[in-house]
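All remarks here apply to the structure that follows.
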Amino acid sequence: MDQDFDALMFQTGAVFTPGAPINERELFSGRKDQVLKIVEAVSQRGCHAILYGERGTGKTSLSNMITAFLARRQAFVVSRTNCDISDTYSSLWAKAFKDIEAAKRRPDIGFGGLRNPLTAPPQDYALNSDTPDGVRRTLQGIAATAALIVIFDEFDRIRRPDAITAMADTIKALSDHAVNATVLLIGVADSVDELIREHQSIERALIQVHMPAMSDGEIRGIVMSGFERLAMEIEFEACEDLVQYSQGAPYITHLLSIYSARAALGARSMIVCAEHVEAGMIRALDQWQQSVKSLYDDAVRRARNPALHRDVLLACALADVDEQRYFVAGAVGAPLSAIRDRDVAPLTSARVLKDLSEPGTGQILHRAGEGARRRYRLFNPILRPYIIMRNVRDKRIAKDVLHRRSASRAEANDPDWTDASTF
Ligand SMILES: Nc1ncnc2c1ncn2[C@@H]1O[C@H](COP(=O)(O)OP(=O)(O)OP(=O)(O)O)[C@@H](O)[C@H]1O
Ligand SMILES: [Mg+2]
């Protein structure tokens, strides 16, 4: 029996992978809207897609799933290129072509794997990665024998504006010539504009897909399918705690799930309960990135009234946010009253928000807009779960305050993660 626990202990790290994108359909949760939009782009000749959102929201995982899904249905050749700061337009396409050439040598996935024998015979084509026209001609040659999906991940890392302009021109050329190839650009950004300013010229050809934080239902999906894979059970309350601590960040869900599973297995239990999640949460807090810990500690330490600043920060972490994680000053009022157990004057909290968003050491909030349009957001998406967990651990907030706030949020749009019909 002990042997099984040890093996399972090890297996937790293969099922929950905070450090790696998902590669397996069964462990992939939700994201139906985003999947549908990208599949639409791939299925429409002349259409391309751009997937953008904050760090760690699951963009690479989503692209893995889509390509795996499409490859099962049709002979697609997929190339995946990670961009880096040294890349030029030409080096990007040279890397992509190398991938495509490699696929040619793998009959299972590439050109030999075509399911439609009537497709045109292979043509000769020269690999030209220097100009948008050269790339378009090359892709046209290749696409005569197999449909292509060309993915450029980490697109935000490209530093050369000319490479980005040329990429927009390429998309335009591929679209105008209706080449049977789909380009998928992926990057960390709040808006498409940040990734590719020239996008107006290719607006009709480029389907824009935003990757928001995950919904509670999607996070629950990660927990349930992971524990199911491990043949473990998780109690309802324990699962809800995990969902609340995650705050829409799948990376945190994976991290907490590993530690919670190991706490349960360490106690020789196949059922994860709330106390295992609590132990997992404390362990995760110890391992948290130092940069995030320091940002929080500095913001509280340098404050004139550390207790008030700490509570306002917690209220910021609990405030209702928009898709870009921004909240308005008024959204802090209700959680702050719940934390302090009494009403706090809006002027007081507004003053603290201003303090916390002043440039210089201790700045932990980003401020945008003026006057009535002023909004704030925590600098780093991982701060939100960190602040909440730290305050739960230090018993400054009860877990039921978290659960009550979550219950009051509309769950109407929660996708049904168990429905695999889109795949
Ligand atoms: N739909 C999902 N279901 C289950 N786990 C997910 C899902 N999406 C992402 N994850 C998990 O979340 C973490 C981040 O995922 P991923 O690397 O795909 O995000 P990303 O947006 O590409 O990140 P980055 O911006 O750093 O490139 C990983 O641990 C991954 O396993
Ligand atoms: Mg990624």
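The values are calculated or read from the model by the stated rules, or taken from the named source; none is laboratory data. If you're wondering where the values come from, they're calculated on a predicted model, not measured in any experiment. With ideal geometry, Cβ positions are generated from the backbone for all residues, glycine too; neighbour counts draw on all protein chains shown.
Could you grab me the full set of residues in segment 52-85 that are away from ligand 1 (no atom under 16 Å from the Cβ), surrounded by fewer than 16 Cβ atoms within 10 Å (Cβ to Cβ) and in contact (Cβ under 8 Å) with a residue 40 or more places away in the chain? The answer is Gln74, and nothing else. Residues being over 22 Å from the mean Cα position of the chain (by Cα), part of a helix (DSSP H, G or I) and of a type in the set (Lys, Arg) are entirely absent from segment 284-300.
I'd like the full set of residues that are more than 10 Å from ligand 2 (Cβ to nearest atom) and more than 19 Å from Ala143 (Cα to Cα), limited to segment 39-52. Lay out the reasoning, then the answer.
Our first condition is that a residue be more than 10 Å from ligand 2 (Cβ to nearest atom); within segment 39-52, this holds for 39-50, 52.
Of everything in segment 39-52, those that are more than 10 Å from ligand 2 (Cβ to nearest atom) and more than 19 Å from Ala143 (Cα to Cα) turn out to be Ile50, Tyr52.
Would you check if Thr60 is more than 30 Å from Met270 (Cβ to Cβ) and among the hydroxyl-bearing types (Ser, Thr, Tyr)?
It is true that Thr60 is more than 30 Å from Met270 (Cβ to Cβ) and among the hydroxyl-bearing types (Ser, Thr, Tyr).
Could we say that Asp169 is in the same structural domain as Ile85 (by TED's automatic domain parsing) and in contact with a Pro (Cβ under 8 Å, 6 or more places away or on another chain) here? Outline the logic, then answer.
On the way: in the same structural domain as Ile85 (by TED's automatic domain parsing): yes; in contact with a Pro (Cβ under 8 Å, 6 or more places away or on another chain): yes.
Yes.
When segment 361-397 is filtered for residues that are surrounded by 13 or more Cβ atoms within 10 Å (Cβ to Cβ) and among the aliphatic types (A, V, I, L, M), the ones remaining, listed by number, are Ile364, Leu365, Ala368, Leu378, Ile382, Leu383, Ile387, Ile388, Met389, Val392, Ile397.
Quick one: count up the residues across segment 1-26 that are away from ligand 2 (no atom under 16 Å from the Cβ) and either free of Cβ contacts under 8 Å to residues at least 40 places away in the same chain or surrounded by fewer than 20 Cβ atoms within 10 Å (Cβ to Cβ) (or both). Lay out the reasoning, then the answer.
From segment 1-26, those away from ligand 2 (no atom under 16 Å from the Cβ) are 1-16, 24-26; that's our starting set.
Those still in the list that are either free of Cβ contacts under 8 Å to residues at least 40 places away in the same chain or surrounded by fewer than 20 Cβ atoms within 10 Å (Cβ to Cβ) (or both) too: 1-11, 13-14, 24-26.
Qualifying residue count for the region: 16.
Consider Val183 carefully, then state whether it is under 21 Å from the mean Cα position of the chain (by Cα), crowded, with 23+ Cβ neighbours inside 10 Å, hydrophobic (A, V, I, L, M, F, W, C) and closer than 23 Å to Ala96 by Cβ.
Yes.
Scanning segment 150-169 for residues that are buried (at least 19 other Cβ atoms within 10 Å of the Cβ) and within 15 Å of ligand 2 (Cβ to nearest atom) returns Ile151, Phe152, Asp153, Phe155, Ile158.
Is it true that some residue in segment 248-267 is farther than 27 Å from Pro212 by Cα, among the β-branched types (Val, Ile, Thr) and away from ligand 2 (no atom under 16 Å from the Cβ)? Checked against the condition, which is being farther than 27 Å from Pro212 by Cα, among the β-branched types (Val, Ile, Thr) and away from ligand 2 (no atom under 16 Å from the Cβ), segment 248-267 yields no hits at all.
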